[in-house]
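Notes for the one structure printed next.
The values are calculated or read from the model by the stated rules, or taken from the named source; none is laboratory data. Keep in mind that what you see is a predicted model, and the values were worked out from it rather than measured. Don't worry about glycine lacking a Cβ; one is built from the backbone with ideal geometry, like all the others, and counts go over all protein chains shown.
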Amino acid sequence: MTTIEITYREAMRAAIRDALLRDDRVFLMGEDVGRYGGCFAVSLGLLEEFGPDRVRDTPLSESAFVGAGIGAALGGMRPIVEIMTVNFSMLALDQIVNNAATLLHMSGGQLNVPLVIRMTTGAGRQLAAQHSHSLEGWYAHIPGIRIVVPATLEDARGMLWAALRDPDPVLIFEPGALYPVKGELDASVREVDIDRAAVRRPGRDATIITYGATLQTSVAAAEQLADEGIDVEVIDLRTLRPLDDATFLDSVTRTHRAVVVDEGWRTGSISAEISARITEQAFFDLDAPVERVCSAEVPMPYPKHLEDAALPQQADIVAAVQRTTGDGR
Amino acid sequence: MSAKHRQELLRQMLRIRRFEERCAELYSATKIRGFLHLYVGEEAVATGVIGALLPDEPIVSTYREHGHALARGVPMDAVMAEMYGRSTGCSRGRGGSMHLFDADRHFYGGNAIVGGGLPLAVGLGLADALRGAHRVTTCFFGDGAAAEGEFHESMNLATLWQLPVLFACENNQYAMGTALARSHAQTNLALRAASYGLPAWPVDGMDVLAVEDAAQRAVEIIRAGGGPVFLELRTYRFRAHSMYDPDRYRDKAEVEQWKQRDPIDILMARMRSDGELEDGDLEALDREVTEELARAVDAAEAGPWEPVEDLTRFVYSEQS
Amino acid sequence: MAAETFEFTMPSLGADMDEGKLVEWLVKPGDKVAKGDIVAVVETAKAIMEVECFRDGVVQQVIVEPGTTVPVGAPMATFATVGAPVVVPRPEPAVTPAPAPRAPAPERPSGQPAAPSGPLIRRLAAELGVDLSAVHGTGRGGAIKRADVRQAAAEQAPTPAATTPPRPSGPSPPSGAERAARVSPYARELAERLGVDLGAVQGTGRGGAIRADDVRAAAAAPPREAAAPERPDRPAAAQEPDAAARRAEAARLATAKLMARSKREIPHYYLRTTVDVTDALAWIKERNRELPVGERILPAAMFLRATAIAAGQVSALNGFWEDGHFVPATSVNLGVPVSLRGGGLITPAIADAAALKLPELAVRMRELATRAKAGRLRGSELTGATITVTNLGDLGVELVYGVIYPPQVALVGVGRIVDRPWAVDGLLGVRSVVTVTLSADHRASDGATGARFLDVLGRNLSQPENL
């Protein structure tokens, strides 16, 4: 196996470039994806390589260009639409919820929408209340779309192609905090599955269920707990809809303890959904109440110390696991 | 223009008129449920515009789309069965009155979000532009949609990228119960559209020949690579907005005045004076349409329901 | 040519409209109307709307007067078609303001069996430690009343259970838990598996909750002597009858009581007939070819279906003997006895069985048996039966003379399907036959009624396409 050193951002760019090379129907469109090189420099250099037809700068018209992506998908193309950040996606909510998610069903199975929408999500960069949301769990409420969150370099490299091969709309949420993360990646990765959750660290005593930016924090918490003799399994959900509950239910059935870590707000969240499924389907295997570590219920404040206090931290996760094992009373 | 062609236009408008009248009756008899928006009075728009299109050219429509579907050639049986919610409907009964679809006939549906179809049409045009296909995508929408943000975004994007889209604005003077002048600062919608830099002009939407002529010109411009075109088709709905609507917001006199310009009457008068319509022709046409309609209703009545076990189908594509 | 008339009905002017008030007629008898004419003004909950006529005609008779509210679909006037001779009735107002009874009553969901034990009953049962599945209801449709629960509690005493405080409700109550300890679900399950008495376990979880580790520790430790002095009367947890055995015992007692009452009160008469089911079995085999394994139809379902049809037709056997007279049931709810693994018998009902087609019935039967064995029945299923089918054929029995479940008035017994020499149209061959019996309450019906019932049942079995 040849490995390469690469950042999350570069892995994402390699995935887009690869897709543009592999399939003529693929094109990238969004705000400042071309001349500027992408707000987060993900698409840097692609305009020069593929030209303005396939790397299209759009006006600031989220609803029109997301809707145009849907229309182009209906017309036989395989668009990748980039919405700069998750908060701007609300301006295109009508097209995502009322059209992309419903057309297949409303048409009685006649019109599928093979569209990929990418957007940056999450906090941690002192971007304050309007640029720090984690709304992927909110989108996961909606039947008809698929929600994936690459948390590793491998997924950043491989999820896009899988999403483009999906006949239905896929929303890829890229945690902004991960773009500069650097690591080793198997050079041969082109596509990964987007159906199953992954066990990122096996363990016997408790299960942490998480996704996205908090995966790293959770793994770090698990390592810290291992030093204390608590062996924690860490599950990366990867896909929030359709949710692969078999993987985390199987784990919880073995460990009897579950901690859900989610950067979204607690109320009505994906963490609430996971907790509910555990009580519905693994109640009699539980040895402790399900714990949740989520963001504080507050619009994200600007100063660093308050932002840190609002987000799930390693110490919070460690404490939650200890509560489930009875070691943190 | 041949007499035969005008007869065909007349037949199409009559099909739509009779279909809509029957829907009103079936709604009153509780055979059709949900929201029902009828096209009576606006038949010339669908008939004239769609008549100028080729059969493989995409159409994106609104929730008042029965006429568009029929004019596009979606079989009346399938449209009526959809009204009934039967699985033989053109959307397997899952859409209903507001969501008629027919992929084979490039009919991209009734959209029940005002203005929601505009970006879709832009995207269909974009796909054709990228693929080098020389088709015109037509988007029907109403005067109400012209107040939505998506209207502005779509006009700008389509013109900016010079996409092959015909924007067919059905200005029937009311956004549900709100008159044009009560919701638009600029009530000349063609003028407003022209400000985006695309050809735009108003058309008498009660005269099917005028509509067809305008659509023909628009399509020629678009096919020649001239970018999108906007037509403001001035028309009127004779019936209320929906079956729920007590029609309190407009004068009876106003309705009556517009009824004097019934698109079917206007065409018939023209044909009579040109000697193209003999005594008995209309009756024969009406009989033919009535029979087609009766067959459609019978078929809808007899159509099967989607099995409840299939409830959650078509949320995601089924792998074959 | 006879006058052709049609009704003008209250139109639906919105999916949320159930009724409308006629405000004004814009036409009168004798008036000619054309399709599309406005003929009346109607007030709905939302607005006053003009109502059009969808056919040409002549107003013949006005049925509803202004000011009257009628449901959607109710006739408001009759019209004659144009061309037909019009008979206009006498000029005085044709009919007095028609009150609602003239109109069809609004549709109501068809009769579901009423919940036979309400929440109060369930709570009382929990307080008294009574297992409702073993209680015989004396109410209408077998509904359990409070008195039934109290009596069951009285009969249950003195049992070890009666000396324990109220058990928390739940799928697996902790045996011998002396205090309301908090136990994690997994620990509870583990305790049952390892045979650990939770009452003797010290919890180390939050708020003293017992966790799995605590149970494991208790299981590993030698029997705790300290527990003995506290409860000298029941020194070892192992001696306490477990919940399943207690349940079985209670079920046995309930059955005993019910059957004794039946034989004491009900003058049974018995009829039997032997039916050739060769064709029916062949037909099922053919049907099953198209069905997935899990949905295949067993012969037992066929007997249920035939009984349901017969009970629907001969209603004198489908119902209850209550307070000295027969009360027919409104639907056929088939009682199907299921033997419990721990012993005892339970007779859940398949509700509205006459409305179920054979494949649905087969699925319901299988599902009911599974849930009955898992103790997951709904209350309504335990008490709603209107007639019972006992099938002992699988156990090798050829002939069943059953005892009726009061207050029901009939029970069908089904024996084993056996191959017998049998003459059809004078030709002797080997055919598959089954003997079906009817036990019926002579207070409620006579032999002729019973004979008719068996005849219908038999005919349905020999002509499977009717199923």
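At least 3 residues being in contact (Cβ under 8 Å) with a residue 40 or more places away in the chain is the threshold, and among the strands (runs of 3 or more DSSP E) wholly inside the stretch C:257-375 those reaching it are C:268-276, C:319-322.
Quick one: how many residues across the stretch A:89-99 are under 11 Å from A:Ile145 (Cβ atoms) and either surrounded by fewer than 24 Cβ atoms within 10 Å (Cβ to Cβ) or more than 10 Å from chain B (Cβ to nearest Cβ) (or both)? Give the derivation first.
Of the stretch A:89-99, the ones under 11 Å from A:Ile145 (Cβ atoms) are A:96-97, A:99.
The next check asks that each one be either surrounded by fewer than 24 Cβ atoms within 10 Å (Cβ to Cβ) or more than 10 Å from chain B (Cβ to nearest Cβ) (or both); those that pass are A:96-97.
Total meeting the criteria: 2.
Surrounded by fewer than 22 Cβ atoms within 10 Å (Cβ to Cβ), small (Gly, Ala, Ser) and within 14 Å of chain A (Cβ to nearest Cβ), is that true of B:Ser87? Quick ask: steps written out before the conclusion?
Working: surrounded by fewer than 22 Cβ atoms within 10 Å (Cβ to Cβ): yes; small (Gly, Ala, Ser): yes; within 14 Å of chain A (Cβ to nearest Cβ): yes.
So B:Ser87 fits the description; yes.
Yes or no: the stretch B:14-34 includes at least one residue that is out of contact with any strand residue (DSSP E or B) (no Cβ under 7 Å at 6 or more places or on another chain), away from every other protein chain (no Cβ under 14 Å), touching a residue at least 60 places away in the same chain (Cβ under 8 Å) and not hydroxyl-bearing (Ser, Thr, Tyr). Even if it seems obvious, please write down each step before you answer.
Pass one, the stretch B:14-34, residues out of contact with any strand residue (DSSP E or B) (no Cβ under 7 Å at 6 or more places or on another chain): B:14-34.
The next check asks that each one be away from every other protein chain (no Cβ under 14 Å); those that pass are B:14-16.
Going one step further and asking which of them are touching a residue at least 60 places away in the same chain (Cβ under 8 Å), we end up with B:14-15.
Those left that are additionally not hydroxyl-bearing (Ser, Thr, Tyr): B:14-15.
The answer is yes; a qualifying residue exists.
Considering each of B:Ser154, B:Ser195, B:Ser183 in turn, give the residue that is surrounded by 16 or more Cβ atoms within 10 Å (Cβ to Cβ) and more than 25 Å from B:Arg11 (Cα to Cα). Spell out the reasoning first.
Values: B:Ser195 fails: surrounded by 16 or more Cβ atoms within 10 Å (Cβ to Cβ); B:Ser183 fails: surrounded by 16 or more Cβ atoms within 10 Å (Cβ to Cβ).
Only one candidate passes the filter, namely B:Ser154.
Only residues that are over 16 Å from A:Ile274 (Cα atoms), over 17 Å from the mean Cα position of the chain (by Cα) and part of a strand (DSSP E or B): list them for the stretch A:198-228, please. Selection gives A:Arg201 alone. Scanning the stretch A:139-166 for residues that are hydroxyl-bearing (Ser, Thr, Tyr) and farther than 25 Å from B:Phe314 by Cβ turns up just one, A:Thr152.
Okay, residues lined up against (1) at negative phi; (2) free of Cβ contacts under 8 Å to residues at least 40 places away in the same chain; (3) within 11 Å of chain B (Cβ to nearest Cβ):
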site: A:Arg25; (1), (2), (3): yes, no, yes
site: A:Leu28; (1), (2), (3): yes, no, no
site: A:Val42; (1), (2), (3): yes, no, no
site: A:Asp53; (1), (2), (3): yes, yes, yes
site: A:Arg56; (1), (2), (3): yes, yes, yes
site: A:Glu62; (1), (2), (3): yes, yes, yes
site: A:Ala68; (1), (2), (3): yes, yes, yes
site: A:Met84; (1), (2), (3): yes, no, no
site: A:Asn87; (1), (2), (3): yes, no, no
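Please go through the stretch A:236-281 and give me each residue that is closer than 18 Å to A:Arg323 by Cβ and within 12 Å of chain C (Cβ to nearest Cβ), ordered by number. Within the stretch A:236-281, A:Val252, A:Thr255, A:His256, A:Arg257, A:Ala258, A:Ile278, A:Thr279 qualify. Based on this model, can you work out whether C:Arg443 counts as assigned to a helix (DSSP H, G or I), within 21 Å of C:Val332 (Cα to Cα) and either free of Cβ contacts under 8 Å to residues at least 12 places away in the same chain or of a type outside the set (Gly, Ala, Ser) (or both)? Taking the combined requirement at face value, the residue does not satisfy it. The sole residue among A:Ile80, A:Ile6 that is touching a Lys or Arg at 6+ places or on another chain (Cβ under 9 Å) and surrounded by 23 or more Cβ atoms within 10 Å (Cβ to Cβ) is A:Ile80. One residue is enough: does the stretch C:410-428 have a residue meeting the conditions touching a residue at least 24 places away in the same chain (Cβ under 8 Å), assigned to a loop (DSSP other than H, G, I, E, B) and acidic (Asp, Glu)? Within the stretch C:410-428, not a single residue is touching a residue at least 24 places away in the same chain (Cβ under 8 Å), assigned to a loop (DSSP other than H, G, I, E, B) and acidic (Asp, Glu).
Among the residues of the stretch A:79-89, is any at pLDDT 95 or above, in contact with a helix residue (DSSP H, G or I) (Cβ under 6 Å, 6 or more places away or on another chain) and over 27 Å from A:Arg190 (Cα atoms)? Scanning the stretch A:79-89 turns up at least one residue that is at pLDDT 95 or above, in contact with a helix residue (DSSP H, G or I) (Cβ under 6 Å, 6 or more places away or on another chain) and over 27 Å from A:Arg190 (Cα atoms).
Select from the stretch A:249-306 the residues that are charged (D, E, K, R), closer than 21 Å to C:Tyr186 by Cβ and under 19 Å from the mean Cα position of the chain (by Cα) and list them in ascending order.
So the first thing to find is which residues in the stretch A:249-306 are charged (D, E, K, R), and the list is A:250, A:254, A:257, A:262-263, A:266, A:273, A:277, A:280, A:285, A:287, A:291-292, A:297, A:304.
With closer than 21 Å to C:Tyr186 by Cβ added as a condition, the list becomes A:250, A:254, A:257, A:277, A:280, A:285, A:287, A:291-292.
Scanning the stretch A:249-306 gives a single hit, A:Arg292.
Looking across the stretch B:72-99, just one residue is under 25 Å from B:Ala158 (Cα atoms) and part of a loop (DSSP other than H, G, I, E, B), and that is B:His99. Among the residues examined, C:Gly384 qualifies as touching a Gly at 6+ places or on another chain (Cβ under 7 Å) and at pLDDT below 85.
In the stretch A:46-63, the count of residues that are hydroxyl-bearing (Ser, Thr, Tyr), part of a helix (DSSP H, G or I), more than 26 Å from A:Glu154 (Cβ to Cβ) and at pLDDT 95 or above is one or more.
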